[in-house]
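To start, the structure itself, in structure tokens.
The values are calculated or read from the model by the stated rules, or taken from the named source; none is laboratory data. Not measured: the values here are computed from a predicted model. A quick note on method: Cβ atoms are made from the backbone with ideal geometry, for glycine too, and the neighbour counts reach across all protein chains shown. All accessible areas refer to the heavy atoms of the entire protein, side chains included, with ligands and DNA or RNA removed. Shrake-Rupley method; radii C 1.70, N 1.55, O 1.52, S 1.80 Å.
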Amino acid sequence: MAAVDLSTHPGHLARRLQQAHTLLWSTLVSQETTSPQFAVLNTLVEKPDIDQRTLGEEVRLDRSTVADVVARLARRGLLERVRDPLDGRRNVLRATAEGARAHRRLAARTEAMNMVFLAPLEEDERATLLRLIARVADEAEKVRDRA
């Protein structure tokens, strides 16, 4: 069988895109806080006092990944678990003051990184790319959820 053209394989291109994102993230945003950790902080700033399951659904991370991210952020003092004032049987999560400060710093850096990341594209192409990536990811997650 002849070699295949990897430029026609979305998984190969997605891996390359992820490698580029990781390089830009660690160079322009943070070497301490990962992109999924930022996504969790970002969600908790927007929606404090949600439980871990809901948080995972919001940021679209699987249960084990969100548990690991929450544990790491808690160890760093960037989020805290507190008793739900409406239901004392469960815990909810919220960003600490330090977590909110970290989020502000990181949010500005992510904006700058996104400009560099998408610089090769025209404005309309950027919107199209983001919309198409989201659509493919949404469909893939539906397959995962049915499994």
Checklist outcome for this item: Subtracting the Cα-Cα distance of residue 112 and residue 7 from 0.36 nm times their residue separation yields 35.0 nm
Checklist entry - So how exposed is residue 45, as accessible area in Å² (1.4 Å probe, rounded to 10)? => result 70 Å²
Checklist entry - Cα gyration tensor of the stretch 14-147, axes a ≥ b ≥ c as square roots of the eigenvalues: rounded (a/c below 1.5), prolate (a/b > b/c) or oblate? => result oblate
Checklist entry - Peptides 33-40, 124-131: what's the order by average Cβ count within 10 Å, highest mean first? => result 33-40, 124-131
Next on the checklist: Can you give me the % of accessible surface on the chain that is carbon or sulfur? Probe 1.4 Å, all protein chains present, nothing else counted.
Outcome noted: 55 percent
Item to check | Furthest towards positive pole of dipole, 119, 103, 134, structure part the stretch 98-139, Cβ charges | outcome: 103
Checklist entry - Is the stretch 51-121 rounded, prolate or oblate when judged by the Cα gyration tensor, a ≥ b ≥ c being the square roots of its eigenvalues, rounded requiring a/c under 1.5 and prolate requiring a/b larger than b/c? => result prolate
Next on the checklist: Could you work out how much longer the chain between residue 14 and residue 31 gets when fully extended? Use 0.36 nm per residue separation minus the Cα distance between them, nm to one decimal.
Outcome noted: 3.9 nm
Next on the checklist: How large is the accessible surface of residue 139 in square angstrom, using a 1.4 angstrom probe and rounding to the nearest 10?
Outcome noted: 90 Å²
Checklist entry - In what sequence, largest accessible area first, do 30, 7 appear using a 1.4 Å probe? => result 7, 30
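If you take the beta carbon distance between residue 75 and residue 53 as r and set R0 to 22 Å, what does 1/(1 + (r/R0)^6) give as a FRET efficiency, to the nearest 0.05?
0.60
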Item to check | Residue-level accessible surface for residue 68, protein heavy atoms, 1.4 Å, Å² | outcome: 70 Å²
Checklist outcome for this item: From DSSP H assignment alone, runs of 4+ in the chain each adding -39500 (n - 2.57), the sum over residues rounded to the nearest 500 puts [θ] at 222 nm at -21000 deg cm²/dmol
Checklist entry - Over the stretch 1-144, what is the relative contact order in whole percent, taking alpha-carbon pairs under 8 Å and six or more residues apart? => result 23 percent
Item to check | Accessible area in square angstrom per residue, the stretch 1-106, 1.4 angstrom probe | outcome: 64 Å²
Checklist entry - Taking only Cα atoms, what is the 0 to 90° angle, nearest 10, from helix 10-24's long axis to the longest principal axis of the chain? => result 60 degrees
Checklist entry - Nearest 20 debye, what's the magnitude of the dipole of the stretch 1-137 about its Cα centre given +1 on Lys and Arg Cβ and -1 on Asp and Glu Cβ? => result 500 debye
